[in-house]
1. Taking a ≥ b ≥ c as the square roots of the eigenvalues of the Cα gyration tensor of the range 193-253, is the shape rounded (a/c under 1.5), prolate (a/b larger than b/c) or oblate?
2. So how strong a dipole does the range 182-253 carry about its Cα centre when Lys and Arg Cβ are +1 and Asp and Glu Cβ are -1, to the nearest 20 debye?
3. Which whole-Hz couplings ³J(HN,Hα) result when phi for each residue of the range 376-392 is put into the Karplus expression 6.51 cos²θ - 1.76 cosθ + 1.60, θ = phi - 60°, listed in order with x for Gly and Pro?
4. Pairs of alpha-carbon atoms within less than 8 angstrom and 6+ residues apart define the contacts here; what relative contact order does the chain have, in percent?
5. Put +1 on the Cβ of each Lys and Arg and -1 on the Cβ of each Asp and Glu in the chain; which of Asn365, Leu221, Thr136 then has its Cα farthest toward the positive end of the dipole?
6. Largest first and in whole Å, what are the equivalent-ellipsoid semi-axes of the range 305-463 based on the Cα gyration tensor, each being the root of 5 times an eigenvalue?
7. List the residues, sorted by chain then number, that are 5 or more residues from Val379 or on another chain and whose placed amide H is less than 5 Å from its amide H.
8. Could you give the dipole magnitude of the chain about its Cα centre, charging the beta-carbon of Lys and Arg +1 and that of Asp and Glu -1, in debye to the nearest 20?
Amino acid sequence: MSTLLLAVTVSAQNRIVLVEEFTNTGCGPCASWSPELDAVIENRFGDCVAIKYHSSYPNRHDEFYNYDPDTQQKRHDFYEVTGVPATFVNGEALSFRTSSCLDETITRQMAQPERVSLTLSKGIEDHRMSVHANLTPLQEIESGTSLRLFVAAIEEHITPSKPYPNGETSLHYTMRKMFTGGEGIQISDDGLHAGQTYSYGASWEIDFCDDETQLGVVAFLQDIETKEVVCTAYSGSGTNKENHLTLVALADTPDFICVSDYYGKVVLRNDGYNMLTTATLNVKVNGALQQYLWSGALNYLERDTMAFDGFHDFSLSDEENQVQIWFSDVNGIAAESNRINSSFSNSPQAHHGVQLRLYTDNKPNETTWKLYNSAGDVVHEGGPYADPMTLYVENFQLTQDDCYLLEFLDAGNDGIKGDNGTGYYQLFQIDHAGMTQHLTQGNYDGAVHDVYFHLTEASSTGVVEIPTDEVSSGSCHDLQGRRVPHQKRGVNIVDGKKVVVR
């Protein structure tokens, strides 16, 4: 049966960075590093693309290496790779094998000026892939003899029937065929001339692939003397789909909220070959749905960031609040993106009144705090404190139902835990009778720490006139659960611990 996948021409709208990875299906460290690398590539897809070459060690039966060992080995030798994993970004060895280092290196490489325009097209018919690349220098490039063009078919996602020897259950961006061989092809003997187009074309009878619909093509021009990758183009598997939107990331959402108010921003990318012009963002919280219209003009692999807010029509859960986000109606047809699942917690919910219990560290003079209402006004503040390793009890006098932010500040920028002794805070609800109920607790390091709570049925009764005699429910506990009885106003000594009640 004939299989036809559309031939699509793409050109880099922005500089695309090439990540080359050397790996092996028997390599344990490769299995640990690959998910981190893949996550960065997926998040930055369109900014970058990856090719993963395979090595003959430690698993000498690695099928990806053995399919074309000559090509694989030449790329190893070119970079002088003697052990895996090894990662190169636009020909530059990655300094540290971390997600942040990879992300920063991609960003730095993207800032380099583009000197060559590279367009790439591919087509698959009757199990044969054809590729065509055009290079057009944007300026005169003299060192033509050291510039080589490389064109490779990669399989974006591979899911084996059983795990590989190193435990990996999926592979991504795996090289299947290097059309130009491991040494690439020389485009010109006398340099590249501005405005002059240089062309390359080839085909491959597909005989080493799990899923043809996952095949993409990467083309890149590399200086084999300096190892610099001058330019890169990519025609991915998504270009076989007319309308294909990928939801890349969800960010800037609340971790804790006081009332029903959800907001954030999403990053979307056009992975189809039609220009992306419209789509509907669906935000579902605890089963309630809110929709937002997106419109724009994105070419293949271009992305956009969309902010959303004003979602109030949902009920908070007693446990974790569940969120699901996706795009539908892509370019006006019944097409949907992938979905991102997330969650958030409710801030502590208090009734009537709130009490802060703060146990200082050995530098109490560094500790202050401010309590803000939802309008951003400071309604209470405290500190700095005089006594180290002392429990201070502060009763907030609040008469308005609101969402409040309690902001702890540390002048030494090291918080109340760690080298200066372990301090902590606790928040309690106080009812009309002065009975307390634990809301939350914790400690912190750094210069700033925020705690939110929602107060309803606010009443000065029971806050101003709190009985300070010890009551059965009015006892303190430290973070280790040790009981510190609530005492009368003033300075009390309880089990050798100073307690200041205000």
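1. Oblate is the answer for the range 193-253, as a/c is 1.5 or above yet b/c matches or exceeds a/b.
2. Rounded to the nearest 20 debye, it is 280 debye.
3. Once rounded to whole Hz, the list reads x, 7, 7, 9, 8, 7, x, x, x, 9, 9, 9, x, 6, 10, 8, 9.
4. Once divided by the residue count of the chain, the mean separation gives 11 percent.
5. So the residue furthest toward the plus end is Asn365.
6. Working through the eigenvalues yields semi-axes of 36, 21, 14 Å.
7. Here the answer is Leu371, Tyr372, Asn373, since their amide H atoms fall under 5 Å of that of Val379.
8. My answer is approximately 520 debye.
FYI, it's all coordinate maths here, none of it is from the lab. No experiment lies behind these values; they were computed from the predicted model shown. Glycine also receives a Cβ, built like all others from the backbone with ideal geometry; neighbour counts cover every protein chain displayed.
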